[in-house]
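Data block below; observations after.
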Amino acid sequence: MAQPLKLYFIRHGIAEKRQSHLPDKQRTLTSKGRQKTQKVAQQLQTLGINFDYLQTSPLVRAHQTAEIIQQQGLISAIHVSGLLSPEGNWQDWLNWFQNWRKQGLKHLALVGHEPNLSAWAEILVWGQPRQQLVLKKAGMIGLLLPEHHNPVGQSTLFWLTAPKLLF
């Protein structure tokens, strides 16, 4: 039996509050956000989790989260994609994924934003968003996707942890 693909949805860490003079895409992680994300990345390393490919939103706070994951040694390279920005389109990402999976890699991480990440995870598990999963900042959802079949409604949730449970 073929090994399923593991897909990890990772929400960016705590970021600066919205401010009228600061464009949303330029908001950075706060000191607390960096610390919390670093602790999560350290624990993931302790648990032996690593990624074959990491795709991140181009927004600063998500990219900084991805950099912390990279600095912890969980991935060697970061790939930036507008598909993971807050206005990212599910179908466009799914099309990208169907091509990506042909590479045969088994551990994919996506760093992005809510509500997209939890909604996309729900589509993969239940076939439609149900607004039941909550992904906290610096939190992670893990799914097992079938190796060759359409993953929509065919994936299995194996990880949903609030960051504070990893400290």
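Points to keep in mind about this one:
- Per-pair calculated FRET efficiency, R0 = 35 Å: Trp126 and Arg18 via Cβ, rounded to 0.05: 0.70
- With every protein chain in place, the stretch 69-167: carbon and sulfur % of accessible area (1.4 Å): 49 percent
- Computed over the alpha-carbon atoms, the stretch 62-167 gives an Rg to Rh ratio of 0.93, Rh here being the Kirkwood radius from the mean inverse distance.
- Here the stretch 33-121 is treated as a Stokes sphere of Kirkwood radius computed over C-alpha pairs; at 37 °C and 0.692 mPa s its diffusion coefficient rounds to 244 µm²/s.
- For the stretch 1-150, the relative contact order is 37 percent, taking Cα pairs closer than 8 Å that sit 6 or more residues apart in sequence and dividing their mean separation by the residue count.
- Once the C-beta distance of Phe158 and Lys39 is scaled by a Förster radius of 22 Å, the resulting FRET efficiency is 0.55 to the nearest 0.05.
- Charges were assigned to the Cβ only: +1 to each Lys and Arg, -1 to each Asp and Glu. The resulting dipole of the chain about its Cα centre is roughly 580 debye.
- Beta bridges by DSSP in the chain, antiparallel share as percent, to the nearest 5: 50 percent
- Each Lys or Arg adds one and each Asp or Glu subtracts one; over the other residues with Cβ under 11 Å from the Cβ of Arg27, this totals +2.
- In this view, the solvent-accessible surface of Ser76, computed with a 1.4 Å probe and all protein chains in place, comes to about 100 Å².
- The stretch 4-100, dipole about Cα centre (Lys/Arg Cβ +1, Asp/Glu Cβ -1), debye to the nearest 20: 500 debye
- Ligands, DNA and RNA excluded, the heavy atoms of Lys136 present near 110 Å² of accessible surface to a 1.4 Å solvent probe.
- Computed over the stretch 121-167, the alpha-carbon pair-distance distribution with 5 angstrom bins reads 6, 22, 26, 22, 14, 9, 2, 0, each value a whole percent.
- Over the residues of the chain, the helix contribution to mean residue ellipticity at 222 nm works out to -9500 deg cm²/dmol, using -39500 (n - 2.57) for each DSSP H run of at least 4.
- Annotation: per residue accessible area for the chain equals 51 Å², rounded to a whole number [probe 1.4 Å, protein chains only].
- Comparing Lys106, Lys36, Lys17 in a Gaussian network model of the chain where C-alpha atoms under 10 Å apart are linked, the largest mean-square fluctuation is found at Lys17.
- Label point at Gln3 placed 7 Å out along Cα→Cβ; residues across the stretch 134-151 whose backbone nitrogen lies under 15 Å: 144-148
- Across the stretch 1-151, Cα-Cα distances exceeding 18 Å account for 55% of all pairs.
- Candidates Gln154, Gln42, Gln72, ranked by Gaussian network fluctuation over the chain, Cα under 10 Å, top entry: Gln154
The values are calculated or read from the model by the stated rules, or taken from the named source; none is laboratory data. Note that this is a predicted model, so its numbers are computed, not measured. Note that each Cβ is placed from the backbone with ideal geometry, even for glycine, and that neighbours are counted across all protein chains shown. Just so you know, the surface numbers come from the protein's heavy atoms only, side chains and all, with ligands and any DNA or RNA stripped out. Shrake-Rupley method; radii C 1.70, N 1.55, O 1.52, S 1.80 Å.
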